[in-house]
Amino acid sequence: MANKDGRAIARANEFRVLRALHRFGWLRSKDISVLCWTLWDTKPVGQLSLAAVPPTASALRMAQRTLRRLRTMRCVISAQAPDGSIVYTLAEAGVRALKNVGIEAASGKDLVRGFSSAYFRHRCIANEIAIAGIVQGFRVSTEREISQGMWLGGEAGILGKRPDVVLRDGKQVIFCEVEKSRKKVSEYQALLRWLGKIMQHHQPSARAGLLGSELILERVIFICTQAFRTKLQKDLEAAGWSAAQQSSVIHYSSDLYMFRDILFP
């Protein structure tokens, strides 16, 4: 009976990891350990923390053990990331296992075939923010899900844009944007226009209309460098938005993430 229970627990752990990879596209073992072996709050309590949740030693061992089994079963693929870490994604056998229970998954082999250092840093930060939100009890749309149109804004996005991570607590919605100091001019100008529209819709008479009648956009949080924050604030002010108007919608986090090395201090 004990062996049977052990096998059932192992299968449940394997499914949780496969489901996590489906939602995120790819993850590192430490991401999986937090997501699958950390107790989640049932609902948000207190102020949102964007800081990465550190894995415990036992959780990391469980994740590594489960990933080894899944690799042996050819359910996951591993690849080396630009910083030397190993990332994992769904293989065809893992896709079939999820489809057998009604989850329309897809292989992630193309996701890890090759990616730039900049893309990797960006996605790692977005993933850690999403995981932190999940652990704190928020309903979360990951960057992978948003890129597939599997979120409240669908394929079209909100006012033509899709954020990197979405956190929801009841009717309150938070958009998270991960930005470095350098950005293409055209993309940056499009961001300024989008934020202008967001602030127009954030007026009390229009707040409920932006995300439909049931949801309200509480704020947009930029996880960024101090240089990006300073430039954006100045350019929004030049566009006619006062500091008070900006702060009613836009919040910043410039000290949690090190973009260069994708590490938390």
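Within the range 145-189, the residues that satisfy the criterion of being more than 17 Å from PRO44 (Cα to Cα), among the acidic types (Asp, Glu) and assigned to a strand (DSSP E or B) are GLU177, GLU179. Number of residues in the range 72-92 that are in contact with a strand residue (DSSP E or B) (Cβ under 7 Å, 6 or more places away or on another chain) and closer than 16 Å to ARG11 by Cβ: the value is 1.
For the residues GLU128, GLU143, the requirement of being of a type outside the set (S, T, N, Q), closer than 17 Å to ILE223 by Cα, in the same structural domain as ASP255 (by TED's automatic domain parsing) and modelled with pLDDT of 95 or more singles out GLU143.
Only residues that are under 16 Å from the mean Cα position of the chain (by Cα) and either farther than 17 Å from ARG219 by Cβ or charged (D, E, K, R) (or both) were counted in the range 162-172, giving 4. Candidates in the range 1-46 are the residues that are among the basic types (Lys, Arg) and in contact with a helix residue (DSSP H, G or I) (Cβ under 9 Å, 6 or more places away or on another chain); of these, the one that is surrounded by the fewest Cβ atoms within 10 Å (Cβ to Cβ) is ARG16.
Selection of the range 68-90 for residues being surrounded by 14 or more Cβ atoms within 10 Å (Cβ to Cβ) and over 21 Å from the mean Cα position of the chain (by Cα) yields ARG69, LEU70, ARG71, CYS75.
Got at least one residue in the range 101-121 being closer than 20 Å to ILE32 by Cα, free of Cβ contacts under 8 Å to residues at least 12 places away in the same chain and within 17 Å of the chain's Cα centre (by Cα)? Taking every residue of the range 101-121 in turn, at least one turns out to be closer than 20 Å to ILE32 by Cα, free of Cβ contacts under 8 Å to residues at least 12 places away in the same chain and within 17 Å of the chain's Cα centre (by Cα). A count restricted to the range 131-144 and to residues that are part of a helix (DSSP H, G or I) and more than 22 Å from ILE198 (Cα to Cα) stands at 6.
The values are calculated or read from the model by the stated rules, or taken from the named source; none is laboratory data. Note that the coordinates shown come from a computational prediction; the quantities given were computed from them, not determined experimentally. Ideal geometry is used to build each Cβ from the backbone, glycine not excepted, and the neighbour counts take in all protein chains shown.
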